[in-house]
1. Among residues belonging to the stretch 109-118 that are open to solvent by less than 50 Å² (accessible area, probe 1.4 Å) and either closer than 14 Å to GLY94 by Cβ or modelled with pLDDT under 95 (or both), point out the one that is nearest to the chain's Cα centre (by Cα).
2. Mind listing whichever residues of the stretch 58-94 are assigned to a loop (DSSP other than H, G, I, E, B), of a type in the set (Lys, Arg) and on the phi > 0 side of the Ramachandran plot?
3. With VAL125, VAL106, VAL97, VAL159 as the choices, which residue is β-branched (Val, Ile, Thr), on the phi < 0 side of the Ramachandran plot, modelled with pLDDT of 95 or more and open to solvent by less than 30 Å² (accessible area, probe 1.4 Å)?
4. What's the total number of residues in the stretch 129-156 that are among the hydroxyl-bearing types (Ser, Thr, Tyr) and within 11 Å of ALA102 (Cα to Cα)?
5. I'd like the residue in the stretch 64-94 that is free of Cβ contacts under 8 Å to residues at least 24 places away in the same chain and within 14 Å of the chain's Cα centre (by Cα) and, out of all such residues, is most open to solvent (accessible area, probe 1.4 Å).
Amino acid sequence: MRVFLNILLALASLGAIYVAAPDIALAQQGGCTVQRIAGPPRQIIRCPDGVVVTAELGARFNLVDRDRDGRVDALSLRSKAVLVDVDRQKRPNGFEVMTPQAIAAVRGTRWAVDVKNGTTSVLVVRGRVAVARPASRASVVLSVGEGVDVSSGSGPLTVRRWPPARSAALLARLGQ
């Protein structure tokens, strides 16, 4: 296990992945496994409570245990993209992805979140996802194939059906 941690920390220092050491420990304490995949390069974090996170190479994120019960219940994403798959049967309280521009919350689904150039883009692959700005009570609910681009500001969030090419491009970065 020590060798595994050293490898992950070495990859992180090269910018290949970014998961802070406490997050690796949190993932492992919660029974999660971390796997590095090539073509396209990404890492997959699998937790026994029904959460699977696929992060593209260079994604900057932290795993979060907000209620301090030893289980990951959220992810704070600062750049690049992640694909989150949540098993509703095992995670009835859902999961959240928090970015500087948005919070995407779910009860059981699969969705992608991408942060770049001051915008958070959310795409639903399966199920439904609520998206809101961090400081707002107003939210939109996305269904399969729908997405929203959230930038700083206070304007209304506009739900759009994503063109197949845009969806495919994001999902390809995540090995889907």
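The values are calculated or read from the model by the stated rules, or taken from the named source; none is laboratory data. Keep in mind the model is a prediction, meaning the values are calculated, not measured. No Cβ is skipped: glycine too gets one built from the backbone with ideal geometry, and neighbour counts run over all protein chains shown. Areas reflect the complete protein model, heavy atoms only, side chains present, ligands, DNA and RNA absent. Shrake-Rupley method; radii C 1.70, N 1.55, O 1.52, S 1.80 Å.
1. TRP111
2. Listed by number, the list holds a single entry, ARG68.
3. After applying the criteria, what remains is VAL97.
4. Residues in the stretch 129-156 being among the hydroxyl-bearing types (Ser, Thr, Tyr) and within 11 Å of ALA102 (Cα to Cα): 4 in total.
5. SER76
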